[in-house]
Structure formats: structure tokens, C-alpha cells
4 protein chains.
Amino acid sequence: MIQVGIIGGAGYTAGELIRLLINHPETEINFVYSTSNAGNKISKVHQDLIGSLDLEFTDTINPDVDVLFLCLGHGNSVKFLSANTFSNQTKIIDLGNDFRLEADKTFEGKTFVYGLPELNKDAIVKAKYIANPGCFATAIQLGLLPLADQGLLQQDVHVNAVTGATGAGTSLSATTHYTWRDNNFSYYKPFTHQHLGEINQSVKQLQNNFKSEIIFMPNRGNFSRGIFATIYTDFEGTVEDAENIYKLYYQDAKFTFVSDEFLHMKQVVNTNKCLVHLHKHNGKLLITSTIDNLLKGASGQAVQNMNLMFDFEETTGLGLKATYF
Amino acid sequence: MIQVGIIGGAGYTAGELIRLLINHPETEINFVYSTSNAGNKISKVHQDLIGSLDLEFTDTINPDVDVLFLCLGHGNSVKFLSANTFSNQTKIIDLGNDFRLEADKTFEGKTFVYGLPELNKDAIVKAKYIANPGCFATAIQLGLLPLADQGLLQQDVHVNAVTGATGAGTSLSATTHYTWRDNNFSYYKPFTHQHLGEINQSVKQLQNNFKSEIIFMPNRGNFSRGIFATIYTDFEGTVEDAENIYKLYYQDAKFTFVSDEFLHMKQVVNTNKCLVHLHKHNGKLLITSTIDNLLKGASGQAVQNMNLMFDFEETTGLGLKATYF
Amino acid sequence: MIQVGIIGGAGYTAGELIRLLINHPETEINFVYSTSNAGNKISKVHQDLIGSLDLEFTDTINPDVDVLFLCLGHGNSVKFLSANTFSNQTKIIDLGNDFRLEADKTFEGKTFVYGLPELNKDAIVKAKYIANPGCFATAIQLGLLPLADQGLLQQDVHVNAVTGATGAGTSLSATTHYTWRDNNFSYYKPFTHQHLGEINQSVKQLQNNFKSEIIFMPNRGNFSRGIFATIYTDFEGTVEDAENIYKLYYQDAKFTFVSDEFLHMKQVVNTNKCLVHLHKHNGKLLITSTIDNLLKGASGQAVQNMNLMFDFEETTGLGLKATYF
Amino acid sequence: MIQVGIIGGAGYTAGELIRLLINHPETEINFVYSTSNAGNKISKVHQDLIGSLDLEFTDTINPDVDVLFLCLGHGNSVKFLSANTFSNQTKIIDLGNDFRLEADKTFEGKTFVYGLPELNKDAIVKAKYIANPGCFATAIQLGLLPLADQGLLQQDVHVNAVTGATGAGTSLSATTHYTWRDNNFSYYKPFTHQHLGEINQSVKQLQNNFKSEIIFMPNRGNFSRGIFATIYTDFEGTVEDAENIYKLYYQDAKFTFVSDEFLHMKQVVNTNKCLVHLHKHNGKLLITSTIDNLLKGASGQAVQNMNLMFDFEETTGLGLKATYF
């Protein structure tokens, strides 16, 4: 059993991580750090854990844990690691966006590997420090990487994706108020979402001549969790050609699958899966990609990375029952 | 056209009032008072009003309006009227709970009439000051008053009612966060909801020997608007007897109707109606009562009272299209 | 008071039409035709109408009504008009798609005008027969027509739009089951939605050199009513240029307004409004357009057309209170 | 690994059972019987299973499986067992209501034990045939049994409970249509729900002098899964007395826990837990009980029973991650 520390324990991603790790046969939660909740039972905040976990939040770290998960707001991982020291043996998985880009990946002698197993599995297996991908970034990359891998992204890529209210974090705001969001629909940051950086970076990692634009419209849906992305771009082959490319690319993937049928989001909600579907019309390839933003888009992928780093079976602790309805 | 002033203009009930009054043929909105929003267009807060209303919020009152609506948090109407003076001709309708109970009804020489038209229509017509009923209180009273009127409430009354997220007001809180409330259900203030005071008062107004208990469980539903109340108590007659009592009591009611069939809440959402249904089983009469908490339970009833006070047709401006789906 | 007949009275659009017309000061509902419900009270099907309408469905038509609304499934208007004869004085508004395209617009000597007031107001005023636009078609056209009017649609147009469950009609299907749709998201008919025909036709009416493609992704949202469309295309001017073009085009529009701020769908739900917003980024103009699919997208627009045809004030009976929350 | 057969594989409870069993370390799904879907992949119906299960539905039974789950509509288990023969070694768990009552429990020489582990664990461990409890029945019994066990149910018991749309089964109906149920609330079978039979039977098993009435109002909520029940009855002791009684009764329960705080339903959704809370006011004890209707209320409890029958650890395969948000 490896010892796990979690920093920023009151948020959504930390909550999901705890939910996963209490059922993971190889991990023990050593501490959950939350300065604002120190001394309170974790089950007072993550109230579904009554009967499952008797631990309290702490404001003291144990620097000798085997693995540390940072579940902090963007920019705060750097601050936390500047102020706190861990053992050289401690592996770190950052769920924020502080270390995802090439320009940011090295910090105080630590080099973070971008933790998308479908892209960087070999590097993840050997890594000590992981930058866990963003949620939209995961869904969109898993829709694009097989084409990039074949050098086939030659034209602009049009992406429309919708995320749930958990995508906005636990803080209270006008657009997460129930009366606003219920039966509503809207969008934000048109064409400028911050995940475009890591998406472009990964696409260029596979297809270094990629020069087109990824045009991304992010939407707010009236649901709590899930991401549903539709992506299209020009593609010369047939839909069967595309399916072959994708199935080959994902042949060893443990959580990403190509479906023969149109998708809907609840096929993946509350699982670590990504489902991808391909459709061709008039020269355009439509790629649909759907994930749970808190699992494959955050905490589930973090556990998947941990499994790879510690040489556990990649799917350990991630055999999750979909909510489905 | 009478001139209308609205105090506390940024909340839900003020918003609904504005939405009603801009289509009311006999009223002109003279001012909407909101200190926090003074100088901003009303349509920046109530954003559906783009194209319908060009007015700005103000922090200056006009003391000569014909009618003033107080849309303030509970306890704040007393404070506001202490600090501000209006013409003797100005009629006042308070949507808060400051003046609903006998003990509170007189304030600085003004006497407030409890504004439930199905109970006090004659008094409302002559009133200058109205205490508009609470939302749960309206639904439950309209379920009970016909029996009280016949002196038939002889045993405990069991009430279970559920309200939407607008019932909790515009302020942000853990239980109005979308991720909490979506697909969730819970309750609050079991047996001690503050509306029990006005409900008991009205029941005793009609049946002064009422000595039983009204046992009230208020619930939080995962919807935005509406109240659905089920009420049962012992009843010796047949269901037809009950229907006759209710239909007689509501024969002149403009918005309260007795249905022959089981009810569902969306029959009344976005209308000023109350629907009532009666069902008998094993000595118990089950009374269902459903309203829109913001309309018949607040702003719609306030306009109904205004219509009565100014001798307009009672339904003026209240021919509202149900959302229904 | 003009006499109104409604054919196909049990569906969503007929229901909305009845809800509008019972509050319209210039109309009387003469009959509501539904063979499957003949003899039943209308309020048994449209259950919010208890207390508002005492009429029964009929299977007999009155051929002398002043105006007839056809609320039938696509293809059934032709069948109905083939089998039934009305007075030469009877004006007809078809809410289906049987007469919307140039190739279909003349039937048994009747010529149908495409009833989008923002495009064809003069023709509508003089028309005897109206083909009421489709819901997606209305939202998308109102987002594009000002540009087409200036000949500025020179490149491909990318449209992503989401509609609610009422968009699928009253029939029961797997994808309208609550357990499927709740907290779900999906799409259908990618790039091939049938409304593309009327959209392209209207764009070419204003800009006859339009040769680009309108690429349309229709989505299914987990809400009941509303359409939210985001549209982008290349645009050389500034966003202020665009705003001037749109504000000029809509200066006389009674229900279509240009907003200075990002939109969300509930600004228009349960109203006859269309709101449009403009945003520019890197050479692309993003146009947002949102309507209620059953009102501006169907029955509300039908009443607006009726008002124009009978020389009533265009907004009569359409001063609807938004649900908003 | 024991071999499992599932009869009636296309419904909600069979789907949940499959989702649980594919992650259960001691079971192998031998066949899933569905005459209407024979030959189709299971993942075509339960579409979240893409990538998780490659099996097809069959219309042929294997009579030698170790355990058989019957997931059939009420009344159909009797029919199925009349028409099909299984090995004497095959244990059977019926998720329908055919064998739950004393009068029905013996069928063709098989005697079914009522499978509520918190009531009948010893008998379940030894049983060959199990009648799995109803969903409402589970939630309400778990709220009442500790009091019955002490002989403390001396007065009428008032129960109000709400269930989600999955409670109504997969068949399409007016009240499971998204446009009906979204943001709606209603009730059905007031005071006469069929689960009252098994609830009364279990209460009397523990308190054979129970003579009062259980008055049960079942409601339909606008969510997909979950049951939230509030129950009150007269109670002479303090709330601490009640807590002691409940904590003692549930001291060995693996899934039923007493919470010190008010509950909300999503604490248990997508888990096999039941949470119970106690509150006292004016002589009345308020008991809240909440479960997931498809798990602790159906398939999860069925797996719990299987674990007990086969001497597996009771929680095996049931360490489920709550959806929570």
C-alpha cells in the first residue's frame, strides 16, 4: 500500500480523488490537507463519505508520502511547492495547469511530464512529476491525436464543446446558481479558452507541421458533470479510413474506445472512459468525444497516471459504474 | 395609469413584479429603487427585459407614487418605512413578512390587511396597506380554508410541501449551487417553518375553535419555481361533499380552481393560479394544492391585491401563459 | 374579434397557440380540431388551461373561420388541405414545413409567403397564406440576415445550436425519456438538418451571390424549451461595424434585439423575443442568437404573422412574461 | 468465480446488475436473457458498457448457473419459473415482487427469504431463494425497523417519500416524458402504494403488536435516481435515545449508517448505502432515510444478498463511487 497525500482537499477534484482512492486496493490516504477545514471530518464536506472514511482534514503535511496530488486553483501549485518541501522519493501529480506547457514544465529542478496516457504513456511510466491535463483539453485531444499522429490535420479544426457546472469549481457565482443554470444554456471565453495551449502543444508533438487554427467554442450546459465535444475538419479519406486510424491509435488504450454509433454524454458520466465516434459528410470528418470532466478530465486520469507511475495495473481502482441514468 | 414604485428591485419578487407591470395596462413603473444597483439599467440585472424596459435603478424615492411595493428581506420593510416617508395617498403592498401577523399589523399608524383575496377580499378592496402572504402559506391556506370555513378541521393536519430554488432568494449558498441541487432532494426547518404563524392565524379567523396541530414538512426540490403541497386530515364526509365545499368556497375566485384530476406542478408554473384537488381514502381527505411560488405565492398575488385596491378588474395583467413544458 | 380554427390541437405548438390566443384581445377560438381527442375537454390535454378555457376538441371543422392555423406533422398540411375546403376569405398559417420552400409554396392555387417578419414583413401584411418558419431556421436566420442583407456572407458559416426536448414533439421516444435526457447531451442529423433549405433560401433572397456553405450541428440539450445558436464566419469589419449593421437591420423589429452583452438562453424562454449578440475575435465574427423554439420559433411567430395579416398591432397578445428562472 | 445468469436483461435493474457484476471479482456473467434483444450486443442497449463487456443477449438459458437473477416486471417471475427449470444447485434472487409476502413466499417447492440484510441476515446467509425488497420498501423499512425492534411503534406513522424517473421503469409514458417531468413534481397512488404490504409485514416481524397505520404518500420527483423519505411518528424518548437505538440496530450493518446531520439525497446516489437521520420536535420523531432506488433499492441489494449467500465479504463489488455532483 502506498501512502497518498492530497493538497486542497475541499474542492471537486480532491473529493473525486478521495472517492476513488478509498476503493483503490494499493493506496492508503495518509492525509488530506485543507487549511480552511483542518480538524473537520472529511465527511462533513464530502458528505457522501459518511460510513466510508473517518479521516479529518489536516493543515500539516507529511513530507514522506509516496505520492502527492495537488488539487489547487490554477497558479497555486507553484506557490504550494515553493512553500513546502517533500521527500525526493515523493512523486507529484498536479491537477492544476501550472506545469502543462513546455515553458512551465520545469520548476525547482522538477520536470513535469504531460500526463495524457494516450499520448505519453512511456514517459509517464518513468516520470516522477506529472502535469495532469485539463478537462476540455483531454476530450479535445483524444478527438484529434490519431489524426495528428498521421499528419492529417491540414485545415482548420472547429470544436464545440459543453461542460457541466462542476467545471466551474465549487465557488459560488451567478452562473452556478441553480435558478440561473437550470434549463439554461450559454457559453464563455469564445475562441480563447486557456486549454487551447496544451491542445496545440500536443497536436504539434505528433504533427510538427501543424499550422492550422483550432477554433474552440466552450459552452455551459445545465448539468453537473460531463463534457461533450464535437469536432470537425476536412478529411480526404472515407469514414472507414478514419475508423482504422483511430482504432489503431487506441488499440492499447484502457479507457478510450471508438464507438460505431452516435454518442450521448451519459455513456461516460461517472466513469474514466473517453468514447469517440467518427462520421463523414461532404469532405468533413466529424469527431465526437465525450468524457466525465472530473474523472477522465481530472481525478480519474490522475489515478490512471499514478497506476502507471507505480507499475500497478493501469485500470486499478477505475472500474467505475456509470451513473448512466 | 397609476404610478408605481418598487423598493428592493434586484431580487426575484421585484423582478417578477416588473415583468408583470410592464404588461399591465393600468400601471406605469415610476421608479425601481435599489441602492446597490442605482444608475444601472434594470435590464442588466433582469436580463430578459432587454427590449422591454429602458429604465434604470434609482436610489431616490418618489414619495407621491400611487402604490408602493416593498420587495425586501424579512424585517427590512419596517426599517425602510421608518426611514422613508410617503404621501398619505400612497398605497403600500409589502411582500415581506413584517406585517402579516395580528401582533405586527399596525405600524406607525398604518394598519395592514392580510392580502389573501380568497380570504379577505372585501377588506383588501378597502385597504390602503396590504401584507402580502407568504408562498408556502398561500398554497397551504388555499388547501385548508374551505374546510376551516365549515368548521371541519377537527384533527391534526399533515402537510408536506416542496418548493423550488427561487424560494431561497437570490443570495448564493451551498444549497442553491447547481451542483448541489441538480437531481437532489432535501428538506429544511421540519415542523417549524415561519409560515405556520400566518396559516394558523387564517384558519382560526374562519374556525375559531381550531385547536389541532398543523404539522408541516417543507422540502427543497430540484426545480426553480413552484410549490406542490399535499395535505391530509380526517374527514367524515365523502369526496363529493368535500368537492362541494371547495367549489362553493371558490365559486367567485378568479385564480383558484378545483380540479377533478390528480395534479402536477407545471399546471400552474408561471401563472397566478392555484389548483386544488380532493381525494378520499379510509377516512382521510387528501388535499393537493399547487401554485407558482413567485406569482400566486408573491408578485402575482401582489398585483391581484393592487387590482382589487384600485378597482381594476381583478385579473388585469395576470392572464399569463403557463410555461407548462 | 376574429374567429380562429386550430388543426392538430393536441401537440405542443397547438397548445402554445391556444395559450396565446385565450389572452389575445382580438381573437376568439372557434374550434380546435383533433380527431384523436374529439369530445374531450381541451384542458384534459393542455392541463394548465383548467379555469381558463372550457372548450372541447372537435372533429368537425368550421370552413368560415377568419384564420386557420395548421399544427400538423410535416407533410400533413398538404394532406389536410387536400381533404378539407375552407372559405376563400379564410387566411391560413401553416406551422409545418410543407410550404416553406419556393418549390413548394404554391398549392391548389394558394401561394404561401414565408412568414419571417424580419425578412418579409411587407409581403406578410398582404398575404393570405403563410408558411411559418422552422424553429432552428428562425434562430439561425435572425443571426445571419443582417450580414446577408449587406452582401457580407463571403465565407463558410459555422453554426452550432442546441434545442430542448419540446423540439422533438410530443411523441414518446428513447431520447425524450426523462432518464435518458436528464443531465445528458447529444446531437442529431449532423450537417444535414432539414432547416438548412429554408435558411439558405432566405440568405440568397438577400444576397443572391451567396455561394458558401452553412455547416450546421444541431444538438439536443437537457432542457424543455429554448434554442441557443452560436454562429461564426469571417468578417472584415470591427465589431462596432457589425453592431451597426444589425441594429439598423432590426431597428423596426418588435421582437428581435441586439444585446451588448453575452447572452444566455433563459433571457428569452417563454417570450416571443430573439436576442442577438455580436463578438469579434481574430477575423471571425461570432453571432449568438437565442429564441424560445415554441414561441418565436413556432406559435408566437404565427400569432405575430396573424397580427400583421389582420392589421392588429404587431405585438398584440405577445407581451409575455419570461420564465427567466 | 461463480457463474451468473440474468433474466430480463434490457431493463434498468438488469442494467445496474450487469454494471455491478462486471467489476465483481467473484462473478462471471454467464448469460443475459432477453427475448426481445437476443443476438444484439448488450452494449447496444446499456450503451455505457462499450469497452467493458462484449457479450450478447441470448434467448437460451443455461440451467446450471450458480445464481440466477430475475429482473422481470411484477408477476412475471412466477411465469418464468413455471416455464423454465434450473438445477437444484442454482440459487435464485428475484428482484420483482412475486415472492415478498408470506402468502406468496413458497412456489413449486422453493421458499423465498425476504432479502433485507438489516432484517434477515442470518436467514439470507442460509437461503437458496431470495425475494429482493422493493425500493420504497427498503428506504422506509430502514427508517422504521430499529423502532419496531424495540416495540416503539405505538402510533400512526406518516411517510412522505419521493422517487426518481427510473422508479417507473424503462417503458415510455406521459409522466416519464422529459417535457412533462423536467422541473415538475407530482404524486401517485396516495396511501395505497403496493410496498405497504412488505413494510407492514417486516414491522410486524419485529413488533408483533403493531396495530397502527402507516400512511404513505409516494411522490414523483424530477430526477432520475434516488429515494428520499421523511417519516414521523410519536416518540417519548429524546433524540439521543433514538440515536442509540438506531446505532445499536445498525452497528453491524455494512451499508446503513446514522448521520448526525440533516441529509440530502445525493449523499447516496449511485451507492449501495442507506443513510438515516433522527430529529425530534414536540413529541414527534422525524426519521429521514435515503437510498439509491436502483442500488440499495434493487440491484445493489441483490448483489449484497448474493455475497451473503455465497459467503463472500458482504461489501464485495459494492465499493461504489457516489456521483455526488
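The values are calculated or read from the model by the stated rules, or taken from the named source; none is laboratory data. The structure presented is a predicted model; accordingly, all values stated were derived computationally and were not measured. In this analysis, Cβ positions are derived from the backbone assuming ideal geometry, glycine residues included, and neighbour counts consider all displayed protein chains.
Please determine whether any residue of the stretch C:46-54 is more than 30 Å from B:A253 (Cα to Cα) and free of Cβ contacts under 8 Å to residues at least 60 places away in the same chain. Scanning the stretch C:46-54, I find no residue that is more than 30 Å from B:A253 (Cα to Cα) and free of Cβ contacts under 8 Å to residues at least 60 places away in the same chain, so the answer is no. Scanning the stretch A:279-319 for residues that are farther than 20 Å from A:T163 by Cα and crowded, with 24+ Cβ neighbours inside 10 Å returns A:V303, A:Q304, A:N305, A:M306, A:L318. In the stretch D:233-325, counting only strands (runs of 3 or more DSSP E) that sit wholly within it, the ones holding 2 or more residues that are of a type outside the set (V, I, T), within 14 Å of chain A (Cβ to nearest Cβ) and within 20 Å of the chain's Cα centre (by Cα) span D:274-281. Annotation: C:D104 fulfils all but one of (1) crowded, with 16+ Cβ neighbours inside 10 Å; (2) modelled with pLDDT of 95 or more; (3) under 21 Å from the mean Cα position of the chain (by Cα); the unmet one is (1).
Quick one: would you say D:K211 is surrounded by fewer than 24 Cβ atoms within 10 Å (Cβ to Cβ), in a helix (DSSP H, G or I), more than 10 Å from every other protein chain (Cβ to nearest Cβ) and out of contact with any helix residue (DSSP H, G or I) (no Cβ under 6 Å at 6 or more places or on another chain)? No.
Taken as a whole, the structure places B:D59 among residues that are more than 22 Å from the chain's Cα centre (by Cα) and more than 27 Å from B:G197 (Cβ to Cβ). Pairs are defined by a Cβ separation below 6 Å, a sequence spacing of at least 6 or placement on different chains, a first member in the stretch C:177-193 that is more than 7 Å from chain A (Cβ to nearest Cβ), and a second member that is among the hydroxyl-bearing types (S, T, Y) and assigned to a loop (DSSP other than H, G, I, E, B); the pairs so defined are C:D182/D:S224. In the stretch B:13-33 there is at least one residue matching the filter, namely being farther than 26 Å from C:A253 by Cβ, modelled with pLDDT of 95 or more and more than 22 Å from the chain's Cα centre (by Cα).
Does A:T230 satisfy the condition of being surrounded by fewer than 19 Cβ atoms within 10 Å (Cβ to Cβ), within 13 Å of chain C (Cβ to nearest Cβ) and outside any helix (DSSP H, G or I)? Here the answer is no, as A:T230 does not meet what is asked.
For residues that are assigned to a loop (DSSP other than H, G, I, E, B) and among the charged types (D, E, K, R), tally how many sit in the stretch C:18-36.
Adding up the residues that qualify gives 1.
Within the stretch B:18-35, no residue satisfies the criterion of being within 14 Å of another protein chain (Cβ to nearest Cβ) and either on the phi > 0 side of the Ramachandran plot or among the small types (G, A, S) (or both). Within the stretch A:75-85, the set of residues being of a type outside the set (K, R) and without any contact (Cβ under 8 Å) to a residue 60 or more places away in the chain comprises A:G75, A:S77, A:V78, A:L81, A:S82, A:A83, A:N84, A:T85. Criterion applied to A:Y250, A:Y232 was being closer than 15 Å to A:A148 by Cα and touching a His at 6+ places or on another chain (Cβ under 7 Å), and the one residue passing it is A:Y232. Between D:G15, D:G51, the distinction of being within 14 Å of chain A (Cβ to nearest Cβ), in a loop (DSSP other than H, G, I, E, B), crowded, with 20+ Cβ neighbours inside 10 Å and not β-branched (V, I, T) belongs to D:G51 only. Of the candidates D:G96, D:G109, D:G143, D:G115, the single residue that is in the same structural domain as D:P190 (by TED's automatic domain parsing) and not polar (S, T, N, Q) is D:G143. Being under 25 Å from D:A103 (Cα atoms) and in the same structural domain as D:A148 (by TED's automatic domain parsing) is true of D:N200. You will find that of C:I92, C:I61, the residue that is in a loop (DSSP other than H, G, I, E, B), in contact (Cβ under 8 Å) with a residue 24 or more places away in the chain, among the aliphatic types (A, V, I, L, M) and over 23 Å from C:K321 (Cβ atoms) is C:I61 and no other.
Using the structure shown, decide if D:V65 is under 30 Å from A:F262 (Cβ atoms) and modelled with pLDDT of 95 or more.
So D:V65 fails the test.
Take the conditions (1) over 19 Å from the mean Cα position of the chain (by Cα); (2) crowded, with 19+ Cβ neighbours inside 10 Å; (3) in a loop (DSSP other than H, G, I, E, B); (4) in contact (Cβ under 8 Å) with a residue 12 or more places away in the chain; D:G39 misses just one of them, which is (2).
Conditions (1) out of contact with any strand residue (DSSP E or B) (no Cβ under 7 Å at 6 or more places or on another chain); (2) at pLDDT below 95; (3) assigned by TED's automatic domain parsing to the domain that holds C:N160, marked per residue:
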site	(1), (2), (3)
C:S259	no, no, yes
C:H264	no, no, yes
C:Q267	no, no, yes
C:N272	yes, no, yes
C:V276	no, no, yes
C:H279	no, no, yes
C:G283	no, no, yes
C:T288	no, no, yes
C:G300	yes, no, no
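Taking A:N219 as the residue in question, decide whether it is more than 14 Å from chain B (Cβ to nearest Cβ), assigned to a strand (DSSP E or B), within 20 Å of A:G297 (Cα to Cα) and among the polar types (S, T, N, Q). Against the criterion (more than 14 Å from chain B (Cβ to nearest Cβ), assigned to a strand (DSSP E or B), within 20 Å of A:G297 (Cα to Cα) and among the polar types (S, T, N, Q)), A:N219 qualifies.
Listed here are the residues, each with its yes/no results for (1) out of contact with any Leu (no Cβ under 8 Å at 6 or more places or on another chain); (2) buried (at least 24 other Cβ atoms within 10 Å of the Cβ); (3) under 14 Å from B:C274 (Cα atoms).
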position: B:I124; (1), (2), (3): no, no, no
position: B:K128; (1), (2), (3): yes, no, no
position: B:F136; (1), (2), (3): yes, yes, yes
position: B:I140; (1), (2), (3): yes, yes, yes
position: B:L144; (1), (2), (3): no, yes, yes
position: B:L147; (1), (2), (3): no, yes, no
position: B:L153; (1), (2), (3): no, yes, no
position: B:D156; (1), (2), (3): yes, no, no
position: B:V159; (1), (2), (3): yes, yes, no
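Only helices (runs of 4 or more DSSP H) whose full extent lies in the stretch A:103-192 are considered here, and the ones with at least 2 residues that are among the aromatic types (F, W, Y) are A:178-181. Within the stretch D:229-251, residues that are farther than 10 Å from D:I287 by Cα sit with their Cβ atoms under 8 Å from residues that are outside any loop (DSSP other than H, G, I, E, B) and among the polar types (S, T, N, Q), at 6+ positions apart or across chains, in these pairs: D:Y250/D:T256. Take C:K204 and decide whether it is of a type in the set (D, E, K, R), in a loop (DSSP other than H, G, I, E, B) and out of contact with any helix residue (DSSP H, G or I) (no Cβ under 7 Å at 6 or more places or on another chain). No.
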